[in-house]
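Step one of this worksheet: look at the structure below.
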Amino acid sequence: MKEVIAQIKKSKSVAIFVHENPDWDCIGSAMALRCALRQSGIKADVFTEKELSRHLSFLETDVITFTEEAYAPDYECYCALDVGNSDRIGSWGQFFEGKENTVCIDHHHPNGEFAKISHIEPSRSSTGELIYEFLAEGGFEITKDIAQYLYCAMSSDTGSFQYASVNRRTYEILIELYETGINTTYLCSMLYERNSITQLRLQAELINSIKLYKDGKIATAKITNEIMEKHGAKRSDTEALAQIPRSIDGVMISAFLKELPEGDIRVSLRSLGDYNIEPVARKFGGGGHKKAAGCTFTNSSIDDAEKALVEELEKL
Ligand SMILES: [Mn+2]
């Protein structure tokens with residue numbers, strides 16, 4: 001972390017990159033970092049593939065998006081956040097590779113380092129938590145604006161501080177953020193209580209599709225293209241659905257299957273307790289973590305994919 005801080009502090013300009021389909025952890029982290037750098041007189045901008053969706057823009061979150069005419073941005077330092085490799089950055093990734101000064105701050109299990117200087121701590125709840133450490137250790141003032149971004153990052157990546165990744169340090173940081181005067185009730189309502197009616201109708205469809213196996217220990221649920229079309233839903237409307245079948249009492253493993261427009265079947269697996277679903281995801285060409293993993297079926301109907309998955313999950 002000391003090296004990352006030194007590199008960023010000696011730069012007059014910093015370009016900040018996040019992963020594709022950005023979530024609150026990477027956007028909150030990027031905006032907090034940008035805010036702190038600008039306060040210190042360092043030019044800083046955040047780059048994303050596309051404009052941010054509605055749920056990411058209730059705080060000031062203006063970004064530079066990729067276009068066909070985009071050229072290599074000219075900055076002294078290039079910083080990737082919440083990203084395990086430069087492919088995950090998307091189109092901007094081509095401008096990250098080969099640069100002189102590249103840094104990365106992340107909390108995913110690393111699969112090969114792609115930046116010159118990396119600070120990676122998989123035990124941390126969120127990249128937001130690591131940005132807090134960066135700012136505190138680097139002597140940056142943590143203003144209320146910065147605290148709001150970090151709170152959103154940490155809250156969303158921990159399922160409102162529910163997940164096993166939350167630890168003592170998470171709560172210590174929360175106290176520091178809280179003391180800046182942030183309104184956590186407001187932030188939570190903006191983060192969690194702005195479902196569209198389309199998102200709720202999809203939840204209803206998903207719940208209706210749930211099937212149980214192995215005495216109710218395994219649950220599957222699915223959303224087909226037909227259902228997406230029926231409700232005029234976008235892909236981003238399905239983001240929070242994977243958790244729902246896992247929340248049933250007694251269910252230890254869940255699979256959420258989603259038909260993609262081009263016909264592939266995207267699967268999100270979730271588990272509780274000691275059930276490690278990562279090898280199952282890997283068996284079908286995917287991967288992830290012990291309790292959250294995913295894979296994609298190509299050339300398979302959604303029902304066949306479900307059958308193949310359930311067979312493997314029952315063995316587990
Ligand atoms: Mn994250």
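The values are calculated or read from the model by the stated rules, or taken from the named source; none is laboratory data. All values reported here derive from a predicted model rather than from experimental measurement. Accessible surface is based on the protein model in full, side chains and every heavy atom, while ligands, DNA and RNA are left aside. Shrake-Rupley method; radii C 1.70, N 1.55, O 1.52, S 1.80 Å.
Roughly how many percent of the accessible protein surface of the chain is carbon and sulfur, given a 1.4 Å probe and a whole-percent answer?
Numbers: 7210 of 15410 Å².
That share works out to 47 percent.
Work out from phi, with θ = phi - 60° and the Karplus expression 6.51 cos²θ - 1.76 cosθ + 1.60, the ³J(HN,Hα) of each residue of region 208-221, listed in order in whole Hz, and give x for Gly and Pro.
The phi angles translate into 5, 8, 5, 10, 10, 9, 6, 6, x, 8, 10, 10, 10, 8 Hz.
Find the Rg to Rh ratio for region 256-316, where Rh is the Kirkwood radius over alpha-carbon pairs and Rg uses the same atoms. Numbers along the way, then the final one.
Details: Rg = 11.0 Å, Rh = 11.5 Å.
Across region 256-316, the Cα-based Rg/Rh ratio is 0.96.
So if each residue of separation counts as 0.36 nm, and I subtract the Cα-Cα distance between Ile120 and Thr180, what length gain in nm does that give? It would help to have the intermediate numbers written out before the result.
Working: separation 60, 0.36 × 60 = 21.60 nm, distance 2.69 nm.
Between Ile120 and Thr180, full extension yields 18.9 nm more.
Any chance you could list the semi-axes, whole Å, largest first, of the equivalent ellipsoid that the Cα gyration tensor gives for region 242-290, using √(5λ)? Working shown, then result.
Working: eigenvalues 81, 44, 7 Å².
For region 242-290, the ellipsoid semi-axes come out as 20, 15, 6 Å.
Over all Cα pairs of region 197-315, how is the pair count split among 10 Å bins, expressed in % and running from 0 up to the last occupied bin?
14, 50, 31, 4
Compute the relative contact order of the chain as a whole-number percentage, counting only Cα pairs closer than 8 Å that sit 6 or more residues apart in sequence. Let's see the in-between values first.
Numbers: 570 pairs, mean separation 37.9, N = 316.
Value for the chain: 12 percent.
Rounded to the nearest 5, what is the percent of antiparallel bridges among the DSSP beta bridges in the chain?
Numbers: 18 of 43 bridges.
Counting only bridges with both partners in the chain, antiparallel ones make up about 40 percent.
So for Arg194, Arg235, what's the accessible-area order with a 1.4 Å probe, most first? Mind showing how you got there, number by number?
On the way: Arg194 60, Arg235 135 Å².
From most exposed to least exposed: Arg235, Arg194.
Taking N as the number of residues in region 1-110, what value does Rg over Cα atoms divided by 2.2 N^0.38 Å take?
Values: Rg = 12.9 Å, N = 110, 2.2 N^0.38 = 13.1 Å.
Compared with the compact-globule rule of thumb, region 1-110 sits at 0.99.
Compute from the Cα atoms of the chain the Rg and the Dmax, the latter being the longest Cα-Cα distance, and quote both in angstrom.
Reported Rg and Dmax, both Å: 20.3, 61.
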